[in-house]
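Every read-out reported here was derived from the displayed coordinates using simple, explicitly stated rules and does not represent laboratory data. Because the structure is a prediction, the values reported are computed rather than measured. Positions of Cβ are backbone-derived with ideal geometry, glycine not excepted, and every protein chain shown enters the neighbour counts.
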Amino acid sequence: MESDIKLIDADGKRLDGRKIDELRKIKIEAGVLHRADGSCYLEWGGNKVVAAVYGPREAIPRHSQNPLKAIVRARYNMAAFSVEDRKRPGPDRRSREISKVTSEALEKIVLTDKFPRAAIDVNIEVLEAEAGTRCAGLTAAGVALADAGIPMTDIPVACAAGKIGSNDENGKKTGGHVVLDLGKREDNFGDADLPIAISPRTGEIILLQMDGHLTLEEFDQALTLAIKGCNIISEIQKDALLEKYQKGLEVD
Amino acid sequence: MTITSSIKRDYLYNLAKNGKRQDGRDLFKFRNITIETDLISKAEGSARVKIGNTQVVAGIKMNVGEPYPDTPNSGVITTAAELNPLASPDFESGPPREDAIELARVVDRGIRESGVIELDKLCIEPKEKIWIVFIDIHIIDYDGNLFDAASLAALAAILTTKVPAKRFDLGEDYPLPVKDPAISCTSVKFNDVLIMDPSLDEEEIAEARITVATDSNGDIRAMQKGLKGSYTVDEIKKIIKVSLDNGVEIRKKLFESVGK
């Protein structure tokens with residue numbers, strides 16, 4: 001059975017050859033879209049995500065306006081061709097939930113009281129999905145917001161940690177390993193997944209979800225690992241923004 | 001609804017009257033086109049097409065399904081287009097509106113009528129099992145002329161599609177059976193001037209729009225006129241000729257990018 005698959009070997013090497021605290025390959029590019037006020041293209045392992053920010057602009061419909069501050073509306077959407085079995089286009093319960101928690105996370109970071117009655121729209125489009133799209137989406141959104149010049153307290157960043165390999169070949173329970181950034185099969189057959197988003201400057205956690213089974217001690221380990229991952233990715237985000245603006249300064 | 005200032009309108013009118021355009025192009029010339037294929041490994045075929053700043057991603061997924069009763073020996077194509085709010089401040093999320101539906105249907109018609117996908121070869125068991133080809137088109141950045149960008153992306157994706165037979169225990173994967181594609185070229189008209197491949201600004205002041213899909217024999221495979229304006233017969237003839245010329249160029253580019 002495939003669920004008996006060995007996710008980690010005796011030397012602590014994972015299916016894709018990564019170490020337990022190693023991220024998949026991440027590539028970030030800022031300012032990729034022409035129309036958007038800010039945008040970002042991000043590749044993270046097998047994930048490919050584009051994010052675009054529009055705003056601040058008048059919030060429509062009117063009743064959605066807040067007279068005291070701006071609203072942040074993130075919309076997470078998966079392309080029909082982004083997964084193995086075609087996904088029916090349009091929002092489903094899962095993407096609505098991700099949109100909601102992402103909006104709330106971003107709202108914490110954006111200085112919304114500067115723009116009463118306005119909306120800041122963050123569109124996250126998943127072109128290809130392979131575990132960890134919500135983290136990829138939020139990380140891309142952070143870069144797109146910064147690229148749009150939206151005043152923020154920080155550039156938000158997300159990463160997941162999890163637990164794999166608590167079943168040995170004979171299906172017996174063993175200790176298991178807390179690992180950084182679950183891959184597709186680790187997510188499907190692993191024991192727990194803990195995606196978080198933080199404000200890297202202060203270390204505040206702005207998004208946290210968990211499914212699976214972790215002991216208190218494992219949770220502590222996973223959280224520390226995920227924060228470590230976030231801090232690494234935060235540097236890649238800043239490099240991407242820096243690169244865009246340095247490129248803009250070059251004279252040809 | 002977008003509002004164009006009359007100063008911009010007059011500016012574009014005057015340029016066009018003198019045979020010029022905002023970006024320095026000739027009236028009947030396309031912007032720079034780039035085609036990338038095989039960018040989504042989860043999809044059976046995929047492509048990203050840029051025409052100027054307009055950017056479109058198309059992906060193909062295939063499934064086994066039942067044929068329609070009236071065509072028991074042929075596969076099925078469905079085309080859907082999403083005008084993502086990502087692509088423009090004017091696009092909203094939600095179910096496809098009429099412009100997205102028109103876009104999908106015009107692209108669909110170009111593909112269907114040209115017979116680029118050999119549907120009769122997509123029959124697995126007559127009356128029982130056939131392949132369904134899902135063509136999904138995502139608009140990522142909108143700077144005019146979605147019709148051509150969308151159909152070119154769909155074609156590039158189709159020409160690089162592999163039928164996922166292995167996944168359905170139907171033998172080895174093989175390339176999707178395809179024939180000669182029809183290339184669509186869109187032009188608009190304003191103030192009695194015709195221009196090819198309108199940018200967003202030009203589209204906003206357009207009075208009439210026409211899309212012509214032509215094949216490698218120089219025959220017309222699909223057409224669609226849109227907007228409120230009208231054309232004279234001479235104008236239509238002129239447009240068909242220009243569309244054919246551009247079609248030859250674009251076809252060459254398409255074949256180069258998909259390695260044919």
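Of note:
- Length gained when the stretch residue A:57-residue A:111 is fully extended (0.36 nm per residue, less Cα-Cα span): 18.0 nm
- Sequence of A:127, B:194 once ranked by neighbouring C-beta atoms within 10 Å, starting from the fewest: B:194, A:127
- Highest-fluctuation residue, B:125, B:113, B:66 considered, GNM on chain B with Cα pairs under 10 Å: B:125
- Pairs of Cα atoms nearer than 8 Å and 6+ residues apart set the relative contact order; for chain B it is 20 percent.
- Share of Cα-Cα pairs in the range B:164-260 lying beyond 17 Å, as whole percent: 58
- Mean separation of Cα contacts under 8 Å (6+ apart) over length of the range A:2-249, as relative contact order %: 22
- Rg/Rh (Cα only; Kirkwood hydrodynamic radius) as it applies to chain B: 1.00
- Beta bridges per DSSP with both ends in chain A, % antiparallel, nearest 5: 85
- Number of Lys-Lys pairs in the range A:57-192 with C-alpha atoms under 23 Å apart and a separation of 8 or more places or on different chains: 12.
- Helix axis angle, A:216-249 relative to chain A longest principal axis, alpha carbon, degrees: 40
- Fraction of beta bridges assigned by DSSP in the protein assembly as shown that are antiparallel (%, nearest 5): 85
- In degrees, nearest ten, helix A:133-147 long axis to first principal axis of chain A (Cα): 30
- Residue by residue along B:78-88, Cβ atoms of other protein chains within 10 Å of the local Cβ number 5 on average.
- Ranked by the mean number of other Cβ atoms within 10 Å of their residues, highest first, the peptides B:228-240, B:203-215 fall in the order B:203-215, B:228-240.
- Cα-based shape type of the protein assembly as shown, given that a ≥ b ≥ c are square roots of the gyration tensor eigenvalues and the cut on a/c is 1.5: oblate
- One compactness figure for the range B:82-222 is 1.21, namely its Cα radius of gyration divided by 2.2 N^0.38 Å.
- Among B:147, B:91, B:168, the largest mean-square fluctuation in a Gaussian network model of chain B, built with springs joining Cα atoms closer than 10 Å, belongs to B:168.
- Alpha carbon convex hull of the range A:2-249, projected area averaged over orientations, nm²: 14.4
- Taking the C-alpha atoms only, the angle from helix B:6-17 to the longest principal axis of chain B is near 80 degrees.
- Cα-Cα over 23 Å, subset of B:121/B:252; A:6/A:48; B:29/B:253; B:162/B:260; B:29/B:238; A:19/A:238: B:121/B:252; A:6/A:48; A:19/A:238
- Of the trypsin sites (Lys or Arg not before Pro) found in the range A:174-225, those in coil by DSSP whose Cβ has at most 16 other Cβ atoms within 10 Å are A:201.
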